[in-house]
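Beneath this line is the structure, given in structure tokens, with notes to follow.
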Amino acid sequence: MEPIKNQIQQRMDDEFEARLAKMQQGVLAHPAIQAFVQQHQLSKATIERGMNKLFEYTSQQHDCSQCESVALCKNPINGLVPQLIVERGNIDLEYVPCETKRIEDERRKTASMISSMHMPREVMKATLDDIKVDSEQRLHAYKEAMAFISQAKKDPEHLPKLGLYLHGSFGVGKSFVLAAIANELATMQVRTILVYVPEFLRELKSAIGENSLEEKIDFVKKAPVLMLDDLGAETLTAWTRDEILGTILHYRMAESLPTFISSNLNYKELEQHLARTKGDIDPVKAGRIMERIRTITKPVDMTGENRRSF
């Protein structure tokens, strides 16, 4: 008589084989598996050798709508989904970024294209679609911004040389327009540096003692696209005017790098401001800086009421 132990083992083996066969049937019934097998005309032997890979494929999530974010991805490797391939006659898997991960990576890449120094966080969220063209000045500013973007899209590797000089009273949205242009350029993978001038110049004074002055100046002056916000609101010294602003603007003019400026002052008023430093008036040096600004920017009048936002 066969030992009871052998009978039990045989029954367990039979049950395992039955479950395995059922699992394999389920895997092979999967629409994606059927399409893959048909596409590559896989033999029975190849399918049997690759059954583990087929099961691995079907046991993972492929629909990104089931996940709120990459961090909450249901797959073993966050943000990656398996794809079936045939490698040297065997079934294998390769893992590729899912749609959610591609979107999140693209957003991070876009965000990395913009560096802001002392700019308000809310302003940095601006887009061109947010600009309300409810006045002649705003319409003009919008058209000039769109003209620059349109030209840039034609050849992102060779951007237009002429930036904008947005001038007008406080609160009309000059900084908003600059940030909107920067965000649009970021979607084209064009790097922009936005600088709030008064704070930047104050920061550079402390940078002297930290031996980081040249590094910070180079970071700004060599930006693919530079935006100087609120120029003319700073308290000038001969050093900040000539060695900082003069150096930055001369470099950008010489290298034909796009530069955008916002100011409460028009060209003439800014020149008067630049002429006056602590204890000195020097219209010649102010004129030199204005010559550079006029060469690299186009004036856009945004005079209007203080609306604080678009």
Residue list for region 131-186, restricted to those being touching a Ser or Thr at 6+ places or on another chain (Cβ under 7 Å) and basic (Lys, Arg): Lys161, Lys174
Counting only residues that are assigned to a strand (DSSP E or B) and out of contact with any Pro (no Cβ under 8 Å at 6 or more places or on another chain), region 215-233 contains a total of 3
Wholly inside region 57-154, strands (runs of 3 or more DSSP E) that include 1 or more residues that are charged (D, E, K, R) and at pLDDT 80 or above are 80-87, 90-97
Return the pairs, sorted by first residue and then second, in which the second residue is open to solvent by less than 60 Å² (accessible area, probe 1.4 Å), the first residue lies in region 32-44 and is without any contact (Cβ under 8 Å) to a residue 12 or more places away in the chain, the beta carbons are less than 7 Å apart, and the residues are 6+ apart or on different chains. Val37/Ile47
Among the residues of region 182-214, what is the count of those that are in contact (Cβ under 8 Å) with a residue 24 or more places away in the chain and assigned to a loop (DSSP other than H, G, I, E, B)? 5
Just to be sure I understand the filter: pairs with C-beta atoms under 8 Å, separated by 6 or more residues or on different chains, first member in region 75-90 and at positive phi, second member in a strand (DSSP E or B) and not small (Gly, Ala, Ser). Which pairs pass? Gly79/Pro97
Could you run through region 112-130 and say how many residues are over 20 Å from Asn264 (Cβ atoms) and in contact with a Ser or Thr (Cβ under 7 Å, 6 or more places away or on another chain)? 3
Which of the residues belonging to region 222-262 are among the small types (Gly, Ala, Ser) and either in contact with a Ser or Thr (Cβ under 6 Å, 6 or more places away or on another chain) or open to solvent by less than 10 Å² (accessible area, probe 1.4 Å) (or both)? Ala223, Gly232, Ala238, Gly246, Ser262
Going through region 168-220 one residue at a time, which ones are of a type in the set (Phe, Trp, Tyr) and more than 22 Å from Leu249 (Cβ to Cβ)? Phe170, Phe176
Tell me which residues, restricted to region 280-304, are touching a Gly at 6+ places or on another chain (Cβ under 9 Å) and among the polar types (S, T, N, Q). Thr297, Thr303
Matching residues, region 125-141, being under 22 Å from the mean Cα position of the chain (by Cα) and surrounded by fewer than 18 Cβ atoms within 10 Å (Cβ to Cβ): Lys125, Thr127, Leu128, Asp129, Asp130
Test: residue in region 289-309 that is exposed (fewer than 14 other Cβ atoms within 10 Å of the Cβ), basic (Lys, Arg) and under 26 Å from Glu122 (Cβ atoms): yes
Looking at (1) touching a helix residue (DSSP H, G or I) at 6+ places or on another chain (Cβ under 8 Å); (2) open to solvent by less than 40 Å² (accessible area, probe 1.4 Å), which is the one condition that is false for Glu184? (2)
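The values are calculated or read from the model by the stated rules, or taken from the named source; none is laboratory data. All of these numbers come straight from a predicted model, not from anything done at the bench. Glycine gets a Cβ as well: all are built from the backbone with ideal geometry, and neighbour counts include every protein chain shown. For accessibility, only protein heavy atoms count, side chains too; no ligands or nucleic acids. Shrake-Rupley method; radii C 1.70, N 1.55, O 1.52, S 1.80 Å.
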